[in-house]
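Please read the structure below before turning to the comments.
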Amino acid sequence: DLDGKTVAVKIGTATVDFLKAQVPGAKLTLFPNIDNAYLELATGRVDAVVHDAPNVEYYSNTVGKGRVKVVASIKSGDYYGIAFPKGSPLVADVNKALAKIKSNGNYNAIYSKWFGKAP
(Lines give C-alpha, C1' and ligand atoms only; values in the text may rest on other atoms or scores of the structure.)
Protein backbone atom coordinates (compact mmCIF):
# COMPACT_ATOMS: atom_id res chain seq x y z
CA ASP A 1 0.00 0.00 0.00
CA LEU A 2 2.99 2.34 0.37
CA ASP A 3 4.04 2.05 -3.26
CA GLY A 4 4.08 5.55 -4.74
CA LYS A 5 3.43 7.15 -1.34
CA THR A 6 5.66 9.59 0.51
CA VAL A 7 6.90 7.86 3.66
CA ALA A 8 8.80 9.49 6.53
CA VAL A 9 11.54 7.41 8.15
CA LYS A 10 14.44 7.99 10.52
CA ILE A 11 17.89 8.12 8.92
CA GLY A 12 20.20 5.21 9.69
CA THR A 13 17.54 2.75 10.75
CA ALA A 14 16.81 -0.75 9.50
CA THR A 15 13.47 0.65 8.36
CA VAL A 16 15.18 2.59 5.56
CA ASP A 17 16.89 -0.52 4.23
CA PHE A 18 13.73 -2.61 4.65
CA LEU A 19 11.55 -0.16 2.71
CA LYS A 20 14.11 0.30 -0.05
CA ALA A 21 14.19 -3.47 -0.54
CA GLN A 22 10.52 -4.28 -0.01
CA VAL A 23 8.76 -1.15 -1.31
CA PRO A 24 11.09 0.39 -3.90
CA GLY A 25 8.26 2.56 -5.24
CA ALA A 26 7.84 4.40 -1.92
CA LYS A 27 9.23 7.94 -1.86
CA LEU A 28 11.28 8.02 1.34
CA THR A 29 11.71 11.27 3.21
CA LEU A 30 14.57 10.92 5.70
CA PHE A 31 14.71 12.65 9.09
CA PRO A 32 17.44 12.81 11.74
CA ASN A 33 14.86 12.11 14.46
CA ILE A 34 11.43 10.56 14.48
CA ASP A 35 9.75 13.64 15.99
CA ASN A 36 10.24 15.52 12.73
CA ALA A 37 8.74 12.60 10.81
CA TYR A 38 5.63 12.70 13.00
CA LEU A 39 5.37 16.46 12.52
CA GLU A 40 5.40 15.95 8.74
CA LEU A 41 2.62 13.39 9.12
CA ALA A 42 0.56 15.69 11.34
CA THR A 43 0.85 18.52 8.82
CA GLY A 44 0.01 16.30 5.84
CA ARG A 45 3.36 16.59 4.09
CA VAL A 46 3.87 12.80 4.10
CA ASP A 47 1.41 9.95 3.67
CA ALA A 48 2.83 7.71 6.38
CA VAL A 49 5.55 7.20 8.96
CA VAL A 50 7.22 3.82 9.33
CA HIS A 51 9.20 3.29 12.53
CA ASP A 52 9.53 0.92 15.49
CA ALA A 53 6.09 -0.38 16.53
CA PRO A 54 6.31 0.58 20.23
CA ASN A 55 7.26 4.15 19.33
CA VAL A 56 4.54 4.46 16.67
CA GLU A 57 1.93 3.01 19.01
CA TYR A 58 2.99 5.40 21.80
CA TYR A 59 2.77 8.40 19.47
CA SER A 60 -0.63 7.28 18.20
CA ASN A 61 -1.90 6.88 21.76
CA THR A 62 -0.57 10.25 23.00
CA VAL A 63 0.24 13.28 20.82
CA GLY A 64 -1.32 11.77 17.70
CA LYS A 65 -4.44 10.47 19.45
CA GLY A 66 -7.48 11.06 17.27
CA ARG A 67 -5.29 12.47 14.47
CA VAL A 68 -3.32 9.42 13.32
CA LYS A 69 -3.98 5.70 13.20
CA VAL A 70 -1.68 2.70 13.27
CA VAL A 71 -2.88 0.64 10.33
CA ALA A 72 -0.34 -2.15 10.05
CA SER A 73 2.65 -3.83 11.54
CA ILE A 74 5.60 -4.74 9.34
CA LYS A 75 7.30 -8.00 10.21
CA SER A 76 10.90 -7.16 9.41
CA GLY A 77 12.45 -9.63 11.84
CA ASP A 78 13.88 -6.92 14.11
CA TYR A 79 13.61 -7.32 17.87
CA TYR A 80 14.26 -5.19 20.93
CA GLY A 81 16.66 -6.01 23.69
CA ILE A 82 18.45 -4.61 26.69
CA ALA A 83 22.24 -4.45 26.36
CA PHE A 84 24.63 -4.71 29.28
CA PRO A 85 28.42 -4.83 29.41
CA LYS A 86 29.75 -8.37 29.38
CA GLY A 87 29.62 -9.84 32.87
CA SER A 88 27.28 -7.16 34.22
CA PRO A 89 25.67 -8.12 37.53
CA LEU A 90 22.50 -6.34 36.35
CA VAL A 91 21.54 -9.10 33.90
CA ALA A 92 20.23 -11.46 36.57
CA ASP A 93 18.35 -8.69 38.39
CA VAL A 94 16.69 -7.39 35.21
CA ASN A 95 15.73 -10.89 34.07
CA LYS A 96 14.25 -11.59 37.52
CA ALA A 97 12.30 -8.30 37.50
CA LEU A 98 10.96 -8.94 33.99
CA ALA A 99 9.86 -12.46 34.94
CA LYS A 100 8.10 -11.08 38.03
CA ILE A 101 6.12 -8.35 36.23
CA LYS A 102 5.14 -10.78 33.49
CA SER A 103 3.90 -13.37 35.98
CA ASN A 104 1.91 -10.92 38.12
CA GLY A 105 0.24 -9.12 35.19
CA ASN A 106 2.02 -5.78 35.65
CA TYR A 107 3.81 -6.09 32.31
CA ASN A 108 0.48 -6.22 30.45
CA ALA A 109 -0.86 -3.28 32.48
CA ILE A 110 2.21 -1.13 31.75
CA TYR A 111 2.17 -2.08 28.07
CA SER A 112 -1.53 -1.25 27.78
CA LYS A 113 -1.04 2.10 29.52
CA TRP A 114 1.68 3.27 27.11
CA PHE A 115 0.60 1.61 23.87
CA GLY A 116 -3.18 1.60 24.24
CA LYS A 117 -3.59 -2.16 23.84
CA ALA A 118 -2.49 -5.42 25.40
CA PRO A 119 0.72 -7.01 24.12
Can you give the net charge of the other residues whose Cβ lies under 12 Å from the Cβ of Ser60, counting K and R as +1 and D and E as -1? +3
So, for the chain, what is the accessible surface per residue at a probe of 1.4 Å, expressed in square angstrom? 70 Å²
Two-site label geometry, Ala14 and Lys100: point separation in nm, points 7 Å out along Cα→Cβ: 3.0 nm
If I compute solvent accessible area with a 1.4 Å probe over the protein chains, what percent of it on the chain is carbon and sulfur? 55 percent
A convex hull over the alpha carbons of the range 31-71 yields, per residue, a volume in Å³ of 67 Å³
With the calculation restricted to Cα positions, what are the radius of gyration and Dmax of the range 42-119 in angstrom? 16.1, 48
Where the centroid of each part is defined by its Cα atoms, how far is the range 39-67 from the range 95-115 in Å? 25 Å
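The values are calculated or read from the model by the stated rules, or taken from the named source; none is laboratory data. Keep in mind it's a predicted model, so treat the numbers as computed, not measured. For neighbour counting, all protein chains shown are included, and Cβ atoms are generated from backbone atoms with ideal geometry for every residue, glycine included. Side chains included, ligands, DNA and RNA excluded: accessible areas come from the protein's heavy atoms. Shrake-Rupley method; radii C 1.70, N 1.55, O 1.52, S 1.80 Å.
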